Amino acid sequence: MPISVLTREDLIALDRADTLAGFRERFSLPAGVIYLDGNSLGAMPRATAGRVSAMVEQEWGIGLIRSWNEAGWMDLPGRIADKIGRLIGAAPGGMAVGDSTSVNVFKLLGAALAARPERRVILTERGNFPTDLYIAQGLATLLAQGHEVRMVAPDEIAAALNDSVAVLMLTHVNYHTGAMFDMARLTEAAHAAGALALWDLAHSAGAVPVDLAGADVDFAVGCGYKYLNGGPGAPAFLYVAPRLLADARFPITGWWGHAAPFAFEAGFRPADGIARATVGTAPMISIAALEVGVDLALEAPMAAVRAKSVAMTDVFARMVQQRCAGYGLEIVSPADAARRGSQVSVAHPNAYPVMQALIAHNVIGDFRAPDVLRFGMTPLYLGFAELWDAVEVLRRVLSEESWKQPQFNVRRSVT
Ligand SMILES: *Cc1c(COP(=O)(O)O)cnc(C)c1O
């Protein structure tokens, strides 16, 4: 590729050729805001407010408890779960929606350990998202059977897979760096060592191609409020390979996971299918909101989403290098697009105040401790010219040193 400096006109040309450009107007975004944080909280689809208000005012307000049967509430979680499954290549019958990603990690990790009773190691990456690590640690403590959460560097994983490992637990796209693992290869390596594989798709679902069935993945979890645009705290999803379901034992046995919830039996009997991985009453209003985001994601061909995402991360990284050279920035996301998810992470010694200054100028990304500026690329509602403008604001913040202003140096609770 020629190393020509990208002009704003170049990026406007990319916007004109963008087959996904029409999705932008399906989202509600405030004018003037350049939103580079859809990897943390996706934008609101315009149709969400109407769907939620119909659910609240008609189905709940008027239908009351009758809506469980008459408005199809009982079937809603399964329907949305299957739709998410189509985005990630899930085998039919393996998907459920509900609870948080953290809780779903607990449930599936518990099932994985129960399926490998003679093994004691949960193998993971040291840089995995902390909640995944914390849940694993808490479960190991709770079980009190000598389980160990073994944390290694990404390039040490293959060598660490041995006959002590019960489950390999990884996040497909790393939240901090944007680095993407080879899911099929590592799942195969886990299986070759007799271990199970649990993948966290928080930064993958709706953002990068995933083929759970093709990669023969055992377990997966993921997030509803990032690239699926389900709203803050949206229900998460989980996947269990159907071949494992008949014997799968989950550590939380609630009535929605019972074979006959409305028989009100005193003893727990697991449901046959994926329902056994569910616990209690699903959050209908949140699931209705999530469905709107998932429907939008299903309308967009994944090949086009991935192509635009790769182009966006490429040009963003190039523009940062070209126009912000000399200000101490270092791109920490992989240079090879095949190993990168849909974000560009840039290290800077003063990343926190730099990001606060960007946000004050309506360029919204986020900060991840200790020193990373994170910029998420969401092909459904972000344009290329916006990326040019965002880099211009970054260049000004750095060259004018406006990040040194005191108000940008006060640490807030959410970064
Ligand atoms: C965002 C994210 C989560 C979030 O978990 P919650 O239970 O929804 O708070 C979990 N794991 C990973 C890898 C994430 O990126």
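The values are calculated or read from the model by the stated rules, or taken from the named source; none is laboratory data. Predicted model, so just to flag it, every value in this text is computed and none were measured. Heads up, the Cβs are rebuilt from the backbone with ideal geometry, glycines too, and the neighbour counts pull from every protein chain shown. To get the accessible areas, we keep the full protein, side chains included, count just its heavy atoms, and leave off ligands, DNA and RNA. Shrake-Rupley method; radii C 1.70, N 1.55, O 1.52, S 1.80 Å.
Every listed requirement among (1) open to solvent by 60 Å² or more (accessible area, probe 1.4 Å); (2) in contact with a helix residue (DSSP H, G or I) (Cβ under 9 Å, 6 or more places away or on another chain); (3) farther than 29 Å from G233 by Cβ is met by E70 save one, (3). Going by what's in this entry, would P349 be described as free of Cβ contacts under 8 Å to residues at least 24 places away in the same chain, under 22 Å from the mean Cα position of the chain (by Cα) and open to solvent by 30 Å² or more (accessible area, probe 1.4 Å)? Judged against the criteria, P349 is not a match.
For the range 311-344, which residues satisfy the criterion of being closer than 14 Å to G376 by Cβ and either surrounded by fewer than 18 Cβ atoms within 10 Å (Cβ to Cβ) or β-branched (V, I, T) (or both)? Matches in the range 311-344: T313, V344.
If you go through the range 243-260 and pick out every residue that is surrounded by 17 or more Cβ atoms within 10 Å (Cβ to Cβ) and not aromatic (F, W, Y), you end up with 4. If you go through the range 292-303 and keep only what is among the charged types (D, E, K, R) and either buried (at least 24 other Cβ atoms within 10 Å of the Cβ) or outside any helix (DSSP H, G or I) (or both), you end up with nothing. Restricting attention to the range 8-44 and to residues that are in contact with a helix residue (DSSP H, G or I) (Cβ under 8 Å, 6 or more places away or on another chain) and not in a helix (DSSP H, G or I), the residue that is most open to solvent (accessible area, probe 1.4 Å) turns out to be T19.
For the range 97-114, give me the residue count where each residue is of a type outside the set (S, T, Y) and within 15 Å of the ligand (Cβ to nearest atom). I'd like the intermediate steps shown before the answer.
Step one: list which residues in the range 97-114 are of a type outside the set (S, T, Y), which gives 97-99, 103-114.
So of that shortlist, the ones also within 15 Å of the ligand (Cβ to nearest atom) come out as 97-99, 103-109.
Within the range 97-114, residues that are of a type outside the set (S, T, Y) and within 15 Å of the ligand (Cβ to nearest atom) number 10.
Looking at this structure, is T378 open to solvent by less than 40 Å² (accessible area, probe 1.4 Å), within 19 Å of the chain's Cα centre (by Cα) and of a type in the set (S, T, Y)? Yes: the conditions hold for T378. Considering (1) charged (D, E, K, R); (2) within 16 Å of the ligand (Cβ to nearest atom); (3) free of Cβ contacts under 8 Å to residues at least 24 places away in the same chain, the lone condition that D75 does not fulfil carries the number (2).
Test L196 against the criterion of being surrounded by 22 or more Cβ atoms within 10 Å (Cβ to Cβ), more than 12 Å from the ligand (Cβ to nearest atom) and at pLDDT 95 or above, and give yes or no.
Working: surrounded by 22 or more Cβ atoms within 10 Å (Cβ to Cβ): yes; more than 12 Å from the ligand (Cβ to nearest atom): yes; at pLDDT 95 or above: yes.
So L196 passes the test.
Cβ separations smaller than 9 Å between residues 6+ apart or across chains give the following pairs from the range 224-242 residues that are within 11 Å of the ligand (Cβ to nearest atom) and open to solvent by less than 20 Å² (accessible area, probe 1.4 Å) to residues that are in a loop (DSSP other than H, G, I, E, B) and acidic (D, E): P235/D99; A236/D99.
With respect to the conditions (1) over 20 Å from T171 (Cβ atoms); (2) within 25 Å of the chain's Cα centre (by Cα); (3) of a type in the set (S, T, N, Q), Q343 falls short on a single one, namely (1).
Only helices (runs of 4 or more DSSP H) wholly contained in the range 125-192 count here; list those with 3 or more residues that are open to solvent by 70 Å² or more (accessible area, probe 1.4 Å).
130-143, 183-192
For the range 117-137, the candidate set comprises residues that are closer than 19 Å to A248 by Cβ and away from the ligand (no atom under 14 Å from the Cβ); within that set, the residue that is farthest from the chain's Cα centre (by Cα) is E118.
Against the criterion of being within 21 Å of A337 (Cα to Cα) and touching a residue at least 12 places away in the same chain (Cβ under 8 Å), F408 does not qualify.
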